[in-house]
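> Can you keep this structure in mind? I'll have questions shortly.
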Amino acid sequence: MTDWFYVGKIVNTHGIKGEVRVISQTDFPDERYASGSVLYVGRDHAAEKESVTVESWRQHKNFDLLKFDGIDSINDAERLKGLSLFVSEEQLSELGEHEYYYYEIIDCDVFDEDGTHLGKIKEILSPGANDVWVVKRKGKKDVLLPYIEDVVKHVDTARKRVVVHLIPGLVEDED
């Protein structure tokens, strides 16, 4: 059985020539959406998948716009709306030291250096120079952790555990 890894969601068509709008969740858009790349579309992880080959890719506002081979009109693209994009485990690249796939980090428990549980990583933002890990806390505001050496001290993907150093200003507690 193949393990599938979520890349993004097709949220709408774009224009009349078969492009689709994608809300992307991939670490490597340049690689995933390169011309000739194969992606798989399906309702969810368990659903049957159909392969599609990327013809072209461009970014527009907050979306990735993809055109697939053989999807040449808005009518062709319409059937893809609402479907998710996946890659297979075999398509994952080897990463360097201290590099992680989003799926390895999301749902990790986060602890400070004293062993206090802060919460779980619920999403990863990529606003600029470094990723920001969003930690969901019970009854408190989310913590935004920049993925930098000064903050993230240890990542254990096997145990889904991250240890961080909280520099001043990172955590706001409402009292």
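> Would you order TRP4, TRP133 from fewest to most other beta-carbon atoms within 10 Å of each residue's own beta-carbon?
TRP4, TRP133
> For segment 1-34 and segment 69-94, write down the distance between their C-alpha centroids in whole Å.
Cα centroid to Cα centroid, the span is 6 Å.
> For segment 66-81, just list the computed ³J(HN,Hα) in residue order, Karplus coefficients 6.51, -1.76 and 1.60, θ = phi - 60°, integers in Hz, with x standing in for Gly and Pro.
Karplus values, whole Hz, x for Gly and Pro: 10, 10, 9, 4, x, 9, 10, 8, 4, 5, 5, 6, 3, 5, 8, 4.
> Within straight cross-link reach of LYS61, meaning Cα distance under 23 Å, which lysines are found once same-chain residues fewer than 8 apart are removed?
LYS9, LYS17, LYS81
> Explain nothing, just compute: Karplus ³J(HN,Hα) = 6.51 cos²θ - 1.76 cosθ + 1.60, θ = phi - 60°, for every residue of segment 115-125 in order, whole Hz, x for Gly and Pro.
x, 6, 6, 8, x, 10, 6, 9, 6, 10, 9
> So if R0 is 41 Å, what FRET efficiency would LEU166 and ILE74 give, r being the distance between their Cβ atoms, rounded to the nearest 0.05? If you can, show how the numbers build up before the last one.
Details: r = 50 Å, r/R0 = 1.21.
E between LEU166 and ILE74, to the nearest 0.05, is 0.25.
> Under a plain spin-label model, where a point goes 7 Å from the Cα along Cα-to-Cβ, how far apart in nm are ALA34 and LYS9?
According to this spin-label approximation, the distance is 2.9 nm.
> Report ³J(HN,Hα) in whole Hz for each residue of segment 5-11, in order, from the Karplus equation J = 6.51 cos²θ - 1.76 cosθ + 1.60 where θ = phi - 60°; Gly and Pro get x.
Taking θ as phi minus 60°, the curve returns 10, 5, 10, x, 10, 7, 9 Hz for segment 5-11.
> If you don't mind, there's one more thing I want to ask. When each pair of different Cα atoms in segment 102-164 is counted once in the 1/r mean, what is the Kirkwood radius in angstroms, to one decimal?
Working: mean 1/r = 0.0863 Å⁻¹.
That comes to 11.6 Å for segment 102-164.
> Along Cα→Cβ, 7 Å out, is where each label goes; now give me the distance between the ones at GLU97 and ASN62 in nm to one decimal.
3.7
> For GLU104 and ARG159, calculate 0.36 nm times their separation in residues minus their Cα-Cα distance, and state this gained length in nm to one decimal.
Numbers: separation 55, 0.36 × 55 = 19.80 nm, distance 1.02 nm.
Separation in residues times 0.36 nm, less the Cα-Cα distance, equals 18.8 nm.
> Regarding segment 1-135, what are the three Cα extents along the principal axes, ordered largest first, in Å?
57, 36, 26
> Starting from the amide H of ASN12, placed 1.01 Å from N in the peptide plane, find each other amide H under 5 Å away whose residue is 5 or more places distant or on another chain.
Answer set, sorted by chain and number: ARG21, GLY82.
Each value in this text was obtained by applying a stated rule to the coordinates, not by laboratory testing. Worth saying up front: this structure is predicted, and the values here are computed from it rather than measured. Backbone-built Cβ (ideal geometry, glycine too); neighbour counts: all protein chains shown.
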